[in-house]
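None of the figures in this text is laboratory data; all of them are computed from the coordinates on show. These numbers come from a predicted model, not from an experiment. Cβ: placed from backbone, ideal geometry, glycine included. Neighbour counts: every protein chain shown.
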Amino acid sequence: MFILKDLHSSMRFSGPRQADIPAPGLTRHQFSCFFPQAKGGLADAFQTSFDCITPECVASKPLRKFSLFAHFEGVEREAGIEGTLTQMIRGKDRWIWIIPITAKKTSIGVVLDAQTFKKMKLEPAEAFDQILQENPEVTKQLLRAHRVTEVHATGDFSFRNKRFTGARWVLAGDAAGFIDPVWSSGVFIAILSGENVADMLDRVLRQPERRAAEFARYERRLGRVMDLYLKLVTAWYTQEFAEVFFHPQKFLQLVPAVNSVLAGTEERLPEVRWRLWIFYLLVFLQKRFAMIAPRMSLQPK
């Protein structure tokens, strides 16, 4: 978060102020934001506009997800560069990540529907162990491994602010919103928004009369990028998307186009935009007619 004007003695930060958001299996889930106690317009602006920590600002109801994760040592890896790559294992209502962090340490986590976790009626560590043991692809890599951290749990982490700018403030990175851990889109959005804010503030400081136009331009661009990734992430959790995604079609350069967006490229280029539209058309046809790729059970084998 960027405050555009120092109010000196008239402002102090009293934070973090927290809002409780229910999360299955936990007593509470918290987003923390710093609220300035200021005289006049800035305080009023935050009270009326900076409403990111209210439950109503959660980005998308379909993304009511819950995550369990921990660090392990001794995880079996492929030889060479293959052993440094991130693995994503897709299930029916969940996906598992396996991410090498150092030569010895590996992050393993699962993202699943919040309701699925709630129905398990298990403590986070018990649920985590059960989910990993149910997946043969994971268990064979954990034969000689041991967990070196506690199991962390968090839920309802997908949110987006209704506004990204206001009187003397701008939001960037996770302050603006967080979509989902899949594809690490948060890293791209953080870097993109940070660079955009820096360039924008430089122009505004040079030409203060352009502040309203520059703020509106930034808000439109960041909103468009967040909408792009929200659409991709929401689709990722559908059966038809997984079936098309794991059976890529080698025509019209669809794979490079989709990969470029997932790796952190906006869809503004026409050659990317129309190919992404074709990809979504294939996903639609798969849902209606199952004519693009074989059906997948998405169950552990």
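Applied to the stretch 114-124, the Karplus parametrisation 6.51 cos²θ - 1.76 cosθ + 1.60 on θ = phi - 60° returns per-residue 3J(HN,Hα) values of 4, 5, 5, 5, 4, 5, 5, 6, 10, 5, x Hz, with x for Gly and Pro. For residue 162, the residues whose amide H sits under 5 Å from its own are 51, ignoring neighbours fewer than 5 places away on the same chain, with H placed 1.01 Å from N.
With a Förster radius of 41 Å applied to the C-beta separation of residue 101 and residue 280, the computed FRET efficiency comes to 0.75. If R0 is 22 Å, the Cβ-Cβ spacing of residue 79 and residue 148 corresponds to a FRET efficiency of close to 0.45.
Dipole of the stretch 238-289, Cα-centred, from +1 at each Lys and Arg C-beta and -1 at each Asp and Glu C-beta, to the nearest 20 debye?
In total the dipole reaches around 120 debye.
Here the extension length gained between residue 139 and residue 206 equals 18.3 nm, from 0.36 nm per residue of separation less the Cα-Cα distance.
By the beta-carbon count within 10 Å of each Cβ, the least crowded to most crowded order of 146, 247, fewest first, is 146, 247.
In a reduced charge model with +1 at each Lys and Arg Cβ and -1 at each Asp and Glu Cβ, the stretch 65-155 shows a dipole moment near 140 debye about its Cα centre.
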